[in-house]
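Just so you know, all these numbers are worked out from the coordinates, no wet-lab data involved. Computed from a predicted structure; not experimentally measured. In this analysis, Cβ positions are derived from the backbone assuming ideal geometry, glycine residues included, and neighbour counts consider all displayed protein chains.
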Amino acid sequence: MNRLELILALVAERTGLSPVDPDRLFIDYGIGSADAVALAADLGGRLGVELPTTVFYDHPTARALDRHLSALAVRHEPDRDLSRLAVRQEPDRDLSRLAVRQEQDRHPSGLAVRQDGPGRLEPVAIVGIGCRVPGAAGPEAFWRLLSEGLDAVVPVPRERAGRHHGWSEPGVGVGGFLPDVQAFDRAFFSINAREAAAMDPQQRMLLEVAHESLQDAGIRANDLAGSQTGVFVGISSGDFLVESFSPGSERDGYTPTGAAHSVAANRISYVFDLHGPSMAVDTACSSSLVAVHQAVIALQTGQCDTALAGGVNAILTPDFGLCFRTAGVLAPDGRCKSFGAKADGMGRSEGAVVLALRRLSDAEAAGDRVYALILGGAVNSDGRTNGLMSPSAPAQARLLRAACSAAGVEPGEIGYVEAHGSGTKLGDLMELRALSEVLGGRGGEPVRVGSVKSNIAHLEAAAGAAGLAKLALALHRGVLPASLHADEPADDFDWGAGGLAVQTRTEPWAGRVAGVSSFGFGGTNAHLILQAPPRPDPGIATGSGSGVLRLPLSAHTPAALRALTERWLDALADPGLNLAAACHTAVERRDHHAYRLAVSGADASQLTAELERALTALVVSPPPPAAGGPVALVFTGGHAFDAAQGRAYDAAHERALGLVEAGAGVAMVIGHGSGEVAAAAFAGVLSPGDAALVTAQRARLLAPLAPVSTLRVRLAPRLAAALCERVGARAAVSLHEDAQTCVLAGPPAELAKLTAALAGSRVLHDDLGPATPDHSGLAAEIAGELRSALEDLPANVGHLPLVSSLTGAPLDGRAMGARHWVRQLCEPSRLGEALDHAIAQGVRTFVELGPGLAAPLLRARTAAVVRCATDADVPAALIRLYELGHDPTRPTPAASSPPMVSIPLLPWSRRPA
C-alpha cells in the first residue's frame, strides 16, 4: 500500500472506525494526544524514520500528513530523522527580522506602512461583499432592496415568537428579522452535529457570509489556506451566551467556544486556515465599522494581505428589546426614521455583512473587481458625557476631522455621508450638528445624508458594515439610493443653514468621495472615507467574447448543484450579462466542489439549452462526487510529426498541452505504437526534432510491409503463442491487454487458420481487422535499417514520468535510444501492464490521445477514460475532466482577460442546527 493508505489504515486500526476520510480531521475520529503520539511512533516505525510526536497534530488530516511527508522526500529510507527537517533553515537567516515588510516609510508603531504617494497611505479596495440582511441575501439582492426603496421590517418569525414571552410589546416583536437564524450548512464546514448545536447562530451566519464574500470577490477559499489573511469581526449580542448558561440549559465541551465572541472571528480563521490577525471587536453598535478600520490598518501596515471584515447580529430573545423599550429608545413600529420629523426611536435588526478587502495595488494585480476604495478613517470616544449612552456632537466633529486628515481629503470634497442615523431624536440631532460643523455650511450644493437603517432597521454590531456595503455599492454603480421615512425632515434642525439635506430619492450620482459613520452606545465612534473605484482600463476586455465558452458548475451536495443550475438559468436569461466574463469568473475565480457538471456553447441560448438538459439529468440521476486525483495521458498512435521549418508539430501533442494548461495535472504519460514517440516528446525525453525523425523513419520502413490481420483471444499471452505454434500459424502476440487476454497479428491466411482452429472451442475470440505489423516479430526484417537510421539518437531523462508499453513499467528516458525503438517495433506491446501500473500508482483518470485502443481496456478496469482524438474533442474533454474532479488552473491575470463579474453564489444545504 502507498503512504496515504498506510496512514488511513493505522487510524482505522487505532480507532476501530472504517473507512477513514483522508480530508477529515483526526480529532473527529477521537484521536487524542496519547493516540497521536502512539500513531506517530507506529507510522515512523513502518516507514523506517523518526517522526516528531506532534506530527498528527501539526498535520491534522491524513492527506495533509501525506503531503507533508512527501514534501520532506520520505522514501522509506532507514535512519531518516524527519524531526530535523521540520524547519528548513538558511544560514544566518533571522526570520524575526522578516516579520515586517518595509516599504518607503515606517509608521510610528514600527509596522511597515504602504503608501500611495507622499504622506498618503495606500487605499484599501473593497473587492467582495457578503451580506445576509433583512429582505436580501447577497449584494445583488441588497442593491435591489436599496435602489427600489424597500422597507424590510417585518414581525418576528412565528417559530421565535412562540419560544419566549415579551415579543408582543410595542417595538419588540417587529423589526428587521431574518426568516431563520438557526439553520446552518454544518457539513460544508466539516462541523459535527454536537458542535454545530453548541455554536452561537452568529458564528454560523458569519461562516456562510464570509464564504459568500470570498465568492463575490472571486477569491478561491482554497487559495487562501495558509495565507496572511486577517479576520476582523464586530459582534456584541449576548443572547446566545445568556441562553447557554441559563438554568436548565444543556452544556458540553463545545459550549465555551460556541458562545465566546472571540471565536466568531477565530472560527473563520480556523475553518479556512487563515494565518493573519484574527479578532472580535465589541464597541456595541460601532463594532463592525471599528473592525473594518482595524482591517484597513492591518493591510496598510503589512500585517495581512487580504482581510475579511464585518459584523453580525442575531436577536434570539426579546429581553434586550424590552430593556431598550424601557430606556425609551425603541420605535413602536420597529422602524428607524433616520433624520425624519416622525423619528421616535430605533428598530432592531439582525444579519451579517462581511467585506473582502485588499490593498489597491494587490487588487489590481489580481484582476479583482473593485467596488470602492477606503482612503482612511478614524475611531474615537465621546469621553465623559451627560450619561454613558449620551452622544457627543463635539466628539463626532473631532472624529470627522481626524478621518479627513487620515484619508488625505478636505472636508469640502465629501458630497454624501452614510450616517449612523439610528432614528432617535437626540442621536440624530447630535449627528447632524457634527456633520454641519465639519462638512456643511460652505455654500453651493448641500451635503446629502442618509442611512441604511431606514430600510433594514438597526443591525447593531453589524450596522456599520451594512452602511459601508451600501455606500460601496452606490459608488460602484454611480447611483445614490433613497433614505426612507424622511420625506418630512426633522424639524429641530435648520437644514438650510446647516448645509445638509436628506437623500430622499434614488438618483444618478457622480460623487467621488463619501463618508460612513457608526456610533456605539458606550461612546466609541468610527468614520471611514471612501472614494469611487478606479475607472476601468479601456484596454480590458468587456465584451461578450466569441467562440466556444465553457461553464463549470459545482456544489457540495447534489441538491445544491441543482439549485445552482437553476440560479444560472436565471442569470443566463439576463440580456445584460457579460457572458464571456461570467464564464471566465466561473472557471477561474470560484472554488470547485465535489458534485459537478459543465456545459459549453457559443452563446447564452446554447448554454441555457445544455443546462436545461443537465438539470433534467440531475433530477433523474444525481452525479457521484468527483474523485479527482492524478491524470495519465495515453498516446496510442495516429501521430504525425512535421519537422518543416525546424519545428516539430504533432496535433495530439498540442491538444495535450492545451489540456494541461486548462488544469489537467499530469502524473505520467504512457505510449503505445507511434504514440510512444509523442509520449516521449511530451515528457521531454526526445526533442521535437528527434521525435519527428523517429516518427518519419518508423513510418517509412513500415509502409512497404503488407498489412496484417489481428485477432483478440481470451488466452494468456504465453498460451496464445503456444497455440500459434501448435497449429502452425505464422502469427505472433502483438498486444498484452491483460493477464488473460491478448491480440495476435499475422498474415490474413495464417489468422484464418488460427480462427478455424478456435472454432467450436470455448476460447473467446474476436476479429479486429487489418493493422500495421509493428509490435511483433513480423517487423523484424526492417529492424536493422531502423537501428542504423537512429544510431546517433540522443535521449534525455525528461521532466515527466514515462511508462513504456514495451516494458509495461516506468522507463528512464535515457534508455530510449535506437535500441529501444527497434525493440518497440518488433516486440509485443504491454499496454495493459502499463495501464495497470498507472492504476497501482493511484491514477483513476486517463486521457487517450489517439484512435481509442486504450478506452475498452480502461473501461474493463473501471477507470475513467476521456477521449481526445481530434481538436473537435477538446471542449468535451475539458468538460469531462472537470466533472471527474480535475480543476482548471488559475493563470496570472492578463490585460486581455475578461473582467471579474458577479455570478450566482453557491446555494447552501442548510438544516436546523
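On the beta carbon distance between N192 and A809, with R0 = 51 Å, the FRET formula returns roughly 0.70.
For the stretch 471-595, what class follows from the C-alpha gyration tensor (a ≥ b ≥ c being the square roots of its eigenvalues): rounded when a/c is under 1.5, otherwise prolate if a/b is larger than b/c, else oblate?
Note, shape of the stretch 471-595 comes out prolate.
Using the Cβ-Cβ distance between D603 and S897 with R0 set to 25 Å, the FRET efficiency from 1/(1 + (r/R0)^6) comes to roughly 0.80.
Annotation: extensible slack from F493 through S390 equals 35.2 nm (criterion: 0.36 nm per residue apart, minus Cα-Cα distance). Residue-wise HN-Hα couplings along the stretch 152-168, as the Karplus relation 6.51 cos²θ - 1.76 cosθ + 1.60 with θ = phi - 60° gives them from phi, are 9, 6, 9, x, 4, x, 4, 4, 6, 4, x, 8, 9, 7, x, 5, 7 Hz; Gly and Pro carry x.
Please tell me the relative contact order of the chain in percent, rounded to the nearest whole number, where contacts are Cα pairs under 8 Å and at least six residues apart. Contact order relative to length: 11 percent. Taking 0.36 nm per residue of sequence separation and removing the Cα-Cα distance, the L800/R67 pair yields an extension gain of 262.0 nm. When the inverse distances between all different Cα atoms of the stretch 487-531 are averaged and flipped, the Kirkwood radius reads 13.4 angstrom.
Once the Cβ-Cβ distance of D767 and E159 is raised to the sixth power relative to R0 = 56 Å, the FRET efficiency obtained is 0.20. Each label was represented as a point 7 Å from its Cα along the Cα-to-Cβ direction; for V727 and A225 these points are 5.6 nm apart.
Taking every DSSP bridge with both residues inside the chain, close to 65 percent are antiparallel. Multiplying the residue separation of R859 and Y270 by 0.36 nm and subtracting their alpha-carbon distance yields 207.9 nm. For the stretch 493-519, the residues whose amide N sits under 18 Å from a probe point set 7 Å from the Cα of K342 along the beta carbon direction are 502-505. In this Cβ point-charge picture (+1 for Lys and Arg, -1 for Asp and Glu), the chain has a dipole of about 700 debye about its Cα centre. Spin-label model, D873/A327: points 7 Å from Cα along the beta carbon direction are separated by 7.1 nm.
What ranking of E827, E445, E848, E212 emerges when the number of other C-beta atoms within 10 Å of each C-beta is taken as an exposure proxy, fewest first? It would help to have the intermediate numbers written out before the result.
Values: E827 20, E445 9, E848 27, E212 24.
By the 10 Å Cβ count, ascending, the order reads E445, E827, E212, E848.
Report the far tail of the P(r) of the stretch 244-337, meaning the percent of Cα-Cα pairs longer than 14 Å. Percentage above 14 Å: 76.
A dipole drawn for the stretch 774-913 from +1 and -1 charges on Cβ atoms has a positive end, and of L905, S804, G784 the residue lying farthest that way is L905.
Here K342, K470 are placed in order of increasing Cβ neighbour count within 10 Å, fewest first, which gives K342, K470.
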